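What follows is a short report on a single structure.
The values are calculated or read from the model by the stated rules, or taken from the named source; none is laboratory data. Because the structure is a prediction, the values reported are computed rather than measured. Neighbour counts are summed over all protein chains in view; Cβ atoms, including those assigned to glycine, are modelled from backbone coordinates with ideal geometry. These area figures cover heavy atoms from the full protein model, side chains too; ligands, DNA and RNA do not enter into them. Shrake-Rupley method; radii C 1.70, N 1.55, O 1.52, S 1.80 Å.
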Amino acid sequence: MTPDIGDEFYSGTRYQRGKLPKHNLDWSTKPPVYKEYPDARRIPLSSPDIENGLGLWDVISKRRSKRAYNVQPISQKELSQMLWATQGVSARISGSALRTAPSAGALYPIETYLLINRVIGIDPGLYHYSIEAHELELLKEGDTSKAVRAGALDQQLAETAAVVFIWAAVFQRSKWKYLQRAYRYVFLDAGHIAQNLALAAEALGLGSCQIGALYDDELNNLLDLDGVEESVIYMSSVAHSRR
Ligand SMILES: Cc1cc2nc3c(=O)[nH]c(=O)nc-3n(C[C@H](O)[C@H](O)[C@H](O)COP(=O)(O)O)c2cc1C
């Protein structure tokens, strides 16, 4: 890692009065907000149940990072609920599909991939969440939990979870408007998404833990991401917890 690169980045992307970057938006080059895998096998998900569950204040006060999991699988409905809570479409206003978590400029740079180990009725494998359709797209069938654990700095929770949410940023979606400052917003966006997941998991009686310690290249290789245009930036493990 280059010494002081973070300091340089932070000071170089400050907004200063009278010195905002001059940049005209070119709407013809606005990147799409969805990634699709048209050839993938698709698994439809049930509609989210937004009527039931614990109240918000209970959920906020009870949330803790949980790292020890039992082998009980989670249900497809629970997975659907959590995916919707993280990035589901919750409103359509003037032609824009707005999501459960806020996003700078409504540019939605974060893609969700899933390591599925134990979800009733869904084969283990790596999947991509198709937001608009609220469906899963199968990318790789089979058990890749050891590779995901390795990519999470060998942390056990990334292997033993029922599901690991793996978030990757498509930087150009945000850079199109915010130029280099986009690198601040992309990570803020991911934080909102991850917190929604933590709260949704808690509301469902499941345990979750954020994972920021990761070997970028290993996870990018696993998901066939180039690490420049799109790169894994954050993960969360979810399962029935032992305590
Ligand atoms: C950005 C970020 C990265 C984190 N990375 C990891 C991680 O790699 N492994 C882990 O076990 N916990 C990780 N955590 C969880 C923190 O250790 C945890 O939130 C903290 O100890 C406070 O405990 P609490 O979440 O139970 O309130 C991360 C949390 C955040 C916000």
What do you reckon, is R67 within 13 Å of the ligand (Cβ to nearest atom), open to solvent by 80 Å² or more (accessible area, probe 1.4 Å) and touching a Leu at 6+ places or on another chain (Cβ under 8 Å)?
yes
Of all residues in the range 218-235, how many are open to solvent by less than 90 Å² (accessible area, probe 1.4 Å), more than 16 Å from the ligand (Cβ to nearest atom) and in contact with a strand residue (DSSP E or B) (Cβ under 8 Å, 6 or more places away or on another chain)?
5
Just give me the residues in the range 70-98 being open to solvent by less than 60 Å² (accessible area, probe 1.4 Å), out of contact with any strand residue (DSSP E or B) (no Cβ under 9 Å at 6 or more places or on another chain) and farther than 17 Å from I50 by Cβ, in sequence order.
S96
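Listed here are the residues, each with its yes/no results for (1) touching a helix residue (DSSP H, G or I) at 6+ places or on another chain (Cβ under 9 Å); (2) within 17 Å of I110 (Cβ to Cβ); (3) away from the ligand (no atom under 15 Å from the Cβ).
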position	(1), (2), (3)
K175	yes, yes, yes
Y178	yes, yes, yes
Y183	yes, yes, yes
V186	yes, yes, no
A190	no, yes, no
A203	yes, no, yes
L206	yes, no, no
Q210	yes, yes, no
D216	yes, yes, no
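Kindly provide the set of residues from the range 186-208 that are farther than 20 Å from S75 by Cβ and open to solvent by less than 40 Å² (accessible area, probe 1.4 Å), ordered by number.
V186, D189, A190, G191, I193, A194
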Given the conditions (1) exposed (fewer than 13 other Cβ atoms within 10 Å of the Cβ); (2) closer than 25 Å to I110 by Cβ, which single one is not true for D4?
(2)
Kindly provide the set of residues from the range 233-243 that are more than 17 Å from L83 (Cα to Cα) and part of a strand (DSSP E or B), ordered by number.
I233, S241
